[in-house]
Amino acid sequence: MHLHGHHFRIVERNGRPVPDAPWRDGELMGSGETMRIAFVAEEPGKWLLHCHMLEHSAGGMMTWLRVT
Ligand SMILES: [Cu+2]
């Protein structure tokens, strides 16, 4: 998973807390995994959130978020 325009910290992975995770703009995820992230949305615009595997993005693992 890659988030454009921002850096985030992973706060929970597969329901378990992740203490002191580093700031990053992407993270590998396996099938069925979940991840809760936190970031400061301070850059206005439309930002992509997507998988870096082209077939996955083309298959729908891509969205965007709007920061106003
Ligand atoms: Cu993928």
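The values are calculated or read from the model by the stated rules, or taken from the named source; none is laboratory data. Given the structure is predicted, the values throughout are model-derived calculations rather than measurements. Counting neighbours? That spans all protein chains shown, and the Cβs are built from the backbone with ideal geometry, glycine included. Heads up: the accessible areas ignore ligands, DNA and RNA and are worked out on the full protein's heavy atoms, side chains in. Shrake-Rupley method; radii C 1.70, N 1.55, O 1.52, S 1.80 Å.
Right, GLY30: assigned to a loop (DSSP other than H, G, I, E, B), of a type outside the set (Ser, Thr, Tyr), within 16 Å of the ligand (Cβ to nearest atom) and open to solvent by less than 60 Å² (accessible area, probe 1.4 Å) or not?
So GLY30 fits the description; yes.
Which pairs have Cβ atoms under 6 Å, sit 6 or more apart or on different chains, and link a residue in segment 39-68 that is in a loop (DSSP other than H, G, I, E, B) and open to solvent by less than 100 Å² (accessible area, probe 1.4 Å) to one that is within 16 Å of the ligand (Cβ to nearest atom) and not acidic (Asp, Glu)?
As it stands, the answer is CYS51/SER57; CYS51/MET61, since those pairs meet every condition given.
Is there any pair with a first residue in segment 14-25 that is among the acidic types (Asp, Glu) and a second that is open to solvent by 70 Å² or more (accessible area, probe 1.4 Å) whose Cβ atoms are under 8 Å apart and which are 6 or more apart or on different chains, and what are they?
ASP25/HIS7
Which one is farthest from the ligand (Cβ to nearest atom) among residues in segment 41-62 that are closer than 22 Å to ARG13 by Cα and under 13 Å from the mean Cα position of the chain (by Cα)?
Selected residue: ALA41.
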